[in-house]
Amino acid sequence: MRLNYPSNVKIVKVPCSGRVDVIHLLKAMEQGADGVFVAGCMEGDCHFQSGNLRAKKRVHHVQRILDRVGVGGERVAMYNLSAGMGARFVEIAREMTEKVRQLGPNPIKREQRREWETSAKEVAA
């Protein structure tokens, strides 16, 4: 059975969700991602002992940062699933895509576009 998730979802594979660092999540947002979700092992079932718990803490930290800077912490989320839960992954990808669509484009991306347009006008003048 082939499962289809939204085409705008880009997957970055890592050996363990514990390898996802705060800087990776913030960099994705800075580079224009409208939302990011981390899919890790089920709690208590991490192959690397506690990687998924570290990832969960990091995701919560990034959510707080994004809330403080006005981007919105709800653009970043953590989900726990097993490798056999492909249908649930597709469901999460669709839910996250819809949530991000309702939130609108990443405000950082809009601000960068505004800065680029301003500097382009200054260069053209």
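The values are calculated or read from the model by the stated rules, or taken from the named source; none is laboratory data. A quick note: this is a predicted structure, and the numbers were derived from the prediction, not measured. Neighbour counts are summed over all protein chains in view; Cβ atoms, including those assigned to glycine, are modelled from backbone coordinates with ideal geometry.
At a glance:
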read-out: Top-ranked residue in segment 31-50 [being outside any loop (DSSP other than H, G, I, E, B) and at pLDDT 90 or above; ranked as nearest to P15 (Cα to Cα)]; value: G40
read-out: Residue among A124, A87, A93, A120 that alone is at pLDDT 95 or above and of a type in the set (A, V, I, L, M); value: A93
read-out: Inter-residue pairs, beta-carbon under 6 Å, first closer than 11 Å to Y5 by Cβ and in segment 78-107, second modelled with pLDDT under 95 and surrounded by fewer than 15 Cβ atoms within 10 Å (Cβ to Cβ), 6+ apart; value: G86/L3; V90/L3; A93/P6; T97/P6
read-out: Matching entry among E115, E98 (being at pLDDT 90 or above, on the phi < 0 side of the Ramachandran plot and among the charged types (D, E, K, R)); value: E98
read-out: Criterion violated by A33 - all others in (1) crowded, with 16+ Cβ neighbours inside 10 Å; (2) out of contact with any strand residue (DSSP E or B) (no Cβ under 8 Å at 6 or more places or on another chain); (3) over 22 Å from E95 (Cα atoms); (4) not acidic (D, E) satisfied; value: (3)
read-out: Residue within segment 62-74 that is more than 19 Å from K109 (Cβ to Cβ) and part of a helix (DSSP H, G or I) present; value: yes
read-out: Residues (of a type outside the set (S, T, Y) and not in a helix (DSSP H, G or I)) located in segment 75-94; value: V76, A77, M78, N80, L81, A83, G84, M85
read-out: Residues of segment 7-26 satisfying the condition of being surrounded by 15 or more Cβ atoms within 10 Å (Cβ to Cβ), not in a helix (DSSP H, G or I) and not β-branched (V, I, T); value: C16
read-out: Qualifying residue in segment 71-79 (condition: of a type outside the set (A, V, I, L, M, F, W, C), at positive phi and at pLDDT 90 or above); value: yes
read-out: Segment 1-59: number of residues that are farther than 23 Å from A87 by Cβ and either touching a Pro at 6+ places or on another chain (Cβ under 7 Å) or of a type in the set (D, E, K, R) (or both); value: 8
